[in-house]
Amino acid sequence: MTVEQSELETLMLATVNAKIEKSANLHIPRPESAPPWPAGVELILTAIEAGQFSASERRRSPRASYRVQAMLQLFSDLPGLPPRDIYTRDANERGLGFITPHRLPLGYGGMLEIVRPDGERRTIQCTLLRCREAAPDWYEGSLYFNRQQMEFSA
């Protein structure tokens, strides 16, 4: 191995380590006031994330890991229907990713009730962007906030 190859490998290793460190730092701590998750939710999330390929981040603002249970009530829901449980994966100031046992209609607006990182409960207007089957009886989706929510910025 030549000196140039060694320097190149060192530089490449440093770049990879910096990317790993940056992604590891993108985490919003779970508030103590957040309700506990059902046992299978973490298993489903882990399986979904393990099956994803590693691609470069395309978002302007990367999402940080943020795992809490939230409730989603769509404006199109029939009166009297309870809100749907969703389990968040990650979030930023513009939106969040989640899993849910419910198939949700794309493009509909609604109200998201979520525990913020500071432990306070908040209701946020949002729009459902994506919802697709990720595992039997589980759907992976994303929604965007109609107004930026800076408390979720990483």
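Taking region 57-154 and the strands (runs of 3 or more DSSP E) fully enclosed by it, the elements with 3 or more residues that are within 18 Å of His27 (Cα to Cα) and without any contact (Cβ under 8 Å) to a residue 60 or more places away in the chain are at 84-92, 95-100. Please determine whether any residue of region 85-96 is of a type in the set (Lys, Arg) and under 18 Å from Cys131 (Cα atoms). Yes, region 85-96 contains a residue that is of a type in the set (Lys, Arg) and under 18 Å from Cys131 (Cα atoms).
Within region 114-126, can you find the residues that are surrounded by 14 or more Cβ atoms within 10 Å (Cβ to Cβ) and out of contact with any Leu (no Cβ under 6 Å at 6 or more places or on another chain)? Residues satisfying the conditions are Ile114, Val115, Arg116, Pro117.
Yes/no matrix, rows are residues, columns are (1) at pLDDT below 95; (2) more than 17 Å from Phe145 (Cα to Cα):
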{"position": "Val68", "(1), (2)": "yes, no"}
{"position": "Asp77", "(1), (2)": "yes, yes"}
{"position": "Leu81", "(1), (2)": "yes, yes"}
{"position": "Arg89", "(1), (2)": "yes, no"}
{"position": "Gly95", "(1), (2)": "no, no"}
{"position": "Phe98", "(1), (2)": "no, no"}
{"position": "Gly107", "(1), (2)": "yes, no"}
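For beta carbons closer than 8 Å, sequence separation of 6+ or different chains, a first residue in region 38-56 that is under 12 Å from Trp138 (Cα atoms) and a second that is hydroxyl-bearing (Ser, Thr, Tyr) and at pLDDT 80 or above, the qualifying pairs are Val41/Tyr87; Leu45/Tyr87.
The values are calculated or read from the model by the stated rules, or taken from the named source; none is laboratory data. Note that this is a predicted model, so its numbers are computed, not measured. All Cβ positions, glycine included, derive from the backbone under ideal geometry; neighbour counts span all protein chains shown.
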